[in-house]
Amino acid sequence: MTDPDRLIFVATSDVAGKTRGKAFPAADLASRRAKGVGWTPTNVMITCFDTIPDGPFGALGDLVLVPDEAAGFDVALPNDAGAARMMLGDIRELDGAPWSCCTRALLKSAIERLDRVAGLSVTAAFEHEFQFASGGPPAGEAYGFLGFAARRRFGEALGAALRAAGVTPDTFMKEYGPNQYEITIAPSAALRAADEAVMLRELTRLVAQAMGEAVTFAPILDPASVGNGVHVHMSLRDRDGRPATWSPDGPGGLSKAAGSFAAGILARLPDLLALTAPSDISYLRLTPHRWSAAYNNLGYRDREAALRICPVTASEPDAIARQFNMEYRAADAAASPHLLLAVLIHAGAQGIEDGLAPPDPTSEDLSQLAPEALAARGLVRLPQSLGEALSRFEGSAVVSGWWPETFTRVYLAHKRGEIQALGDASPAERCAAYQRAY
Ligand code: GLU
Ligand code: MG
């Protein structure tokens, strides 16, 4: 096949956390970069189960999805499966204005807000957990060498694909759950980090497919086991690119801005959770003793804290300042990485705007404390269903006010439609449905 006939897929990471778009011949790249491809507003209502709940657009309207050549990959897949070419894009109105429900535009506007209110930007690194649909190492191989070795060829092929895509692989390991693995990548500026997270998910699926395997990023596969988390490491930088998260005298090592940023996320966590843990089964994962997050707490090195201050290995102040970061753990891959980072940045910016004091870290098992004891410390059990989380989002003028009004309406209708599509399916059937979707 000659180059001009190769197809380029221009994509958006949408409200369902799905990568959707259209392909066009490479020969048309110059013109498509200017005019995009046609896009339909109602596509934003397509749930991960392919249902389309009623939304504000019906059959009406036209948009364009415009590829960003800097945000994509052209990667040879293993086993002569050919090369796949994808570019993320921006959804715009026909006059060029960003569309109210374009997740990339929503992230850009959160990034602008943080710069405006604090002169800061977020650098982020994503950890993704996923599970192979079949096969795998013998039991008892959590973090094990044989567990790793069983998928070494996959891990190396995925690492090569990521590197070819301009994404820097960090670690690959056998996670605790059955057939569960984890891949981490190096930090990047927020927009790039979200773009890379989308590329990583799609490359993981493509490489697995080319090797005759199937993987899923579904939040949890077995209500009795552990889930697949998406953990987002975040640090702040000033306008000169200097690290701004760490202060040697700050509480827990947090700078004043980072303390308010963290407090902003935790104060609004029950109201924003519907955007970072956006599936029905996300709430089977967000339960105590599953190393995910069940409370709006800050912890040091605590793998059950919603926000964790991570350890640093450096000892020189400059190096500590560069390494110092906090990890948000109450997220999964049903969330578009763009929306996930957008909501965290808005919450952090809100905390800075409101001048919030840094949160007091917790160090005990919060599931042993009575609600009153938690409340006295500003802590709550997080919403325990998607329906509850959506009601919290809808009821919070602050959190729903971070978005264009149309987006908030679309999000609520889409997600309530998703719940409806599940009908009276049992927890195991729900997990199976999401396993197929993600
Ligand atoms: N699987 C856990 C989760 O659902 C995380 C385990 C870990 O890496 O600490 O978030
Ligand atoms: Mg992990």
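The values are calculated or read from the model by the stated rules, or taken from the named source; none is laboratory data. Here the structure is a predicted model, which is why all the values come from computation and not from measurement. Note that each Cβ is placed from the backbone with ideal geometry, even for glycine, and that neighbours are counted across all protein chains shown.
Selection of strands (runs of 3 or more DSSP E) fully inside the stretch 86-192 by the criterion of at least 2 residues being at pLDDT 95 or above, closer than 25 Å to ALA16 by Cα and in contact with a His (Cβ under 8 Å, 6 or more places away or on another chain) returns 120-132, 180-185. Could you tell me whether the stretch 249-260 includes any residue that is modelled with pLDDT of 95 or more, charged (D, E, K, R) and within 17 Å of the chain's Cα centre (by Cα)? The answer is no; no qualifying residue exists. Screening LEU339 against (1) crowded, with 24+ Cβ neighbours inside 10 Å; (2) of a type outside the set (S, T, N, Q); (3) within 16 Å of ligand 1 (Cβ to nearest atom) leaves a single unmet condition, (3). A single entry from ILE281, ILE309 fulfils the requirement of being within 30 Å of TYR438 (Cα to Cα), in contact with a Cys (Cβ under 6 Å, 6 or more places away or on another chain) and away from ligand 2 (no atom under 16 Å from the Cβ): ILE281.
For the stretch 151-184, a residue qualifies if it is surrounded by fewer than 16 Cβ atoms within 10 Å (Cβ to Cβ), within 17 Å of ALA125 (Cβ to Cβ) and either away from ligand 2 (no atom under 14 Å from the Cβ) or among the hydrophobic types (A, V, I, L, M, F, W, C) (or both), and the qualifying residues are ARG163, THR168. Being within 27 Å of ILE111 (Cβ to Cβ), of a type in the set (Lys, Arg) and under 18 Å from the mean Cα position of the chain (by Cα) is the requirement here; does ARG268 meet it? It is true that ARG268 is within 27 Å of ILE111 (Cβ to Cβ), of a type in the set (Lys, Arg) and under 18 Å from the mean Cα position of the chain (by Cα). Would it be correct to say that GLY17 is crowded, with 21+ Cβ neighbours inside 10 Å and assigned to a loop (DSSP other than H, G, I, E, B)? Yes: the conditions hold for GLY17.
The set of residues in the stretch 222-231 being part of a loop (DSSP other than H, G, I, E, B) and within 15 Å of ligand 2 (Cβ to nearest atom) consists of SER225, VAL226, ASN228, GLY229. Of all residues in the stretch 120-143, those satisfying the criterion of being within 16 Å of ligand 2 (Cβ to nearest atom) and either among the hydroxyl-bearing types (Ser, Thr, Tyr) or under 24 Å from GLU327 (Cβ atoms) (or both) are ALA125, PHE126, GLU127, HIS128, GLU129, PHE130, GLN131, ALA142, TYR143. The residue that is surrounded by the fewest Cβ atoms within 10 Å (Cβ to Cβ), counting only those in the stretch 61-107 that are among the charged types (D, E, K, R) and farther than 14 Å from VAL10 by Cβ, is ASP95.
Checking each residue in the stretch 22-48 for being among the small types (Gly, Ala, Ser) and at negative phi picks out ALA23, ALA26, ALA27, ALA30, SER31, ALA34, GLY38. For the stretch 179-191, indicate whether the set of residues that are among the charged types (D, E, K, R), farther than 29 Å from VAL10 by Cβ and out of contact with any helix residue (DSSP H, G or I) (no Cβ under 6 Å at 6 or more places or on another chain) is non-empty. Yes, the conditions are met somewhere in the stretch 179-191. Taking ARG290, is it modelled with pLDDT under 95, over 18 Å from LEU382 (Cβ atoms), within 16 Å of ligand 1 (Cβ to nearest atom) and of a type in the set (D, E, K, R)? Spelling it out, it is not the case that ARG290 is modelled with pLDDT under 95, over 18 Å from LEU382 (Cβ atoms), within 16 Å of ligand 1 (Cβ to nearest atom) and of a type in the set (D, E, K, R). Of all residues in the stretch 232-240, none are on the phi < 0 side of the Ramachandran plot, under 24 Å from the mean Cα position of the chain (by Cα), modelled with pLDDT under 95 and surrounded by fewer than 24 Cβ atoms within 10 Å (Cβ to Cβ). Under the condition of being aliphatic (A, V, I, L, M), farther than 30 Å from ASP280 by Cα and touching a Phe, Trp or Tyr at 6+ places or on another chain (Cβ under 9 Å), the residues counted in the stretch 1-44 number 4. Condition first: within 16 Å of ligand 2 (Cβ to nearest atom) and either closer than 26 Å to SER363 by Cβ or surrounded by fewer than 23 Cβ atoms within 10 Å (Cβ to Cβ) (or both). Can you find one or more residues in the stretch 255-274 that meet it? Looking for residues that are within 16 Å of ligand 2 (Cβ to nearest atom) and either closer than 26 Å to SER363 by Cβ or surrounded by fewer than 23 Cβ atoms within 10 Å (Cβ to Cβ) (or both), one finds none in the stretch 255-274, hence no. ALA23 meets all of the listed conditions (1) surrounded by fewer than 13 Cβ atoms within 10 Å (Cβ to Cβ); (2) free of Cβ contacts under 8 Å to residues at least 40 places away in the same chain; (3) not β-branched (Val, Ile, Thr) but one, namely (1). With respect to (1) crowded, with 24+ Cβ neighbours inside 10 Å; (2) within 16 Å of ligand 1 (Cβ to nearest atom), the lone exception for ASP222 is condition (1). Residues in the stretch 73-85 that are out of contact with any helix residue (DSSP H, G or I) (no Cβ under 7 Å at 6 or more places or on another chain) and in a loop (DSSP other than H, G, I, E, B): ASP80, GLY82. Figure legend. Inter-residue proximity from the stretch 177-201: first residues among the polar types (S, T, N, Q), second residues within 14 Å of ligand 2 (Cβ to nearest atom) and modelled with pLDDT under 95, beta-carbon distance below 9 Å, spacing 6+ or different chains. Indicated pairs: GLN180/ALA142; GLN180/SER225; GLN180/VAL226.
When residues in the stretch 243-254 are screened for being assigned to a loop (DSSP other than H, G, I, E, B) and either touching a residue at least 40 places away in the same chain (Cβ under 8 Å) or surrounded by 24 or more Cβ atoms within 10 Å (Cβ to Cβ) (or both), 4 of them pass.
To keep it simple, each residue is scored yes or no on (1) within 16 Å of ligand 1 (Cβ to nearest atom); (2) in a loop (DSSP other than H, G, I, E, B); (3) more than 30 Å from ASN79 (Cα to Cα).
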{"position": "GLU202", "(1), (2), (3)": "no, no, no"}
{"position": "ALA208", "(1), (2), (3)": "no, no, no"}
{"position": "SER235", "(1), (2), (3)": "no, no, yes"}
{"position": "ASP240", "(1), (2), (3)": "no, yes, yes"}
